[in-house]
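Below is one structure; the comments refer to it alone.
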Amino acid sequence: MKNSKPVRIASLAAMTTLLAACASMDASGPKAGATLEARSGSKVSGTVSFQSIGAEKVRIEARVAGLTPGAHGFHVHEAGDCSAPDASSAKGHFNPAAKPHGHHETAERHAGDMPNLVADATGHALLITDLDGVTLAEGARGILKRSVVIHADPDDYKSQPAGNSGKRVACGVIHPN
């Protein structure tokens with residue numbers, strides 16, 4: 001028993017030092033952003049922010065205006081090209097593992113499948129979500145220099161290949177901050 005108190009004090013001191021070191025580190029990882037441009041004759045605008053929060057996890061925050069009220073498909077697309085008037089230049093959903101389109105909370109989904117954006121009666125939407133299985137870099141699992149697309153209709157999370165989410169009403173290329 002005589003040695004138990006010094007061990008506890010040493011452990012407490014080590015924990016305090018570790019916690020102080022963690023608190024002083026910048027907890028934020030790499031960041032990126034996309035400015036949404038209207039497509040397919042829409043009036044949609046907004047921004048999407050991206051922040052790495054793990055080895056293969058990215059937090060996404062979308063702030064959007066000009067949508068019709070209700071749900072809208074929201075995906076990371078393969079190409080970082082929004083030049084086509086209908087955003088077809090963004091190509092299909094980002095899907096490096098060649099999985100079927102599915103619900104964003106399942107393992108059987110495209111890497112770029114996200115929850116629907118839901119616009120209020122004034123056409124504004126805010127969504128904060130985490131996307132697993134991707135990185136904020138270039139490369140096979142990376143979403144930098146790809147695009148983020150909003151669709152006119154809700155994603156049904158089952159129709160192949162894109163969830164029957166309709167025309168593309170906004171598109172933005174993901175660039176590092």
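The values are calculated or read from the model by the stated rules, or taken from the named source; none is laboratory data. Computed from a predicted structure; not experimentally measured. Neighbour counts are summed over all protein chains in view; Cβ atoms, including those assigned to glycine, are modelled from backbone coordinates with ideal geometry.
The table below gives the values:
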| quantity | calculated |
| --- | --- |
| Residue identified as surrounded by fewer than 15 Cβ atoms within 10 Å (Cβ to Cβ) and either modelled with pLDDT of 85 or more or hydroxyl-bearing (Ser, Thr, Tyr) (or both) among Ser88, Ser147, Ser165, Ser159 | Ser159 |
| Whichever residue in segment 6-65 is of a type in the set (Asp, Glu) and either modelled with pLDDT under 50 or assigned to a strand (DSSP E or B) (or both) and, among such residues, is farthest from Ser89 (Cα to Cα) | Asp26 |
| Unique residue being touching a strand residue (DSSP E or B) at 6+ places or on another chain (Cβ under 9 Å), surrounded by fewer than 20 Cβ atoms within 10 Å (Cβ to Cβ) and more than 19 Å from Cys82 (Cβ to Cβ) when the list is Ala121, Ala137 | Ala137 |
| Residue list for segment 30-41, restricted to those being surrounded by fewer than 18 Cβ atoms within 10 Å (Cβ to Cβ) and touching a residue at least 60 places away in the same chain (Cβ under 8 Å) | Pro30, Lys31, Gly33, Thr35, Glu37, Ala38 |
| Within segment 125-135, considering residues that are out of contact with any Leu (no Cβ under 6 Å at 6 or more places or on another chain) and aliphatic (A, V, I, L, M), the one nearest to Glu61 (Cα to Cα) | Ile128 |
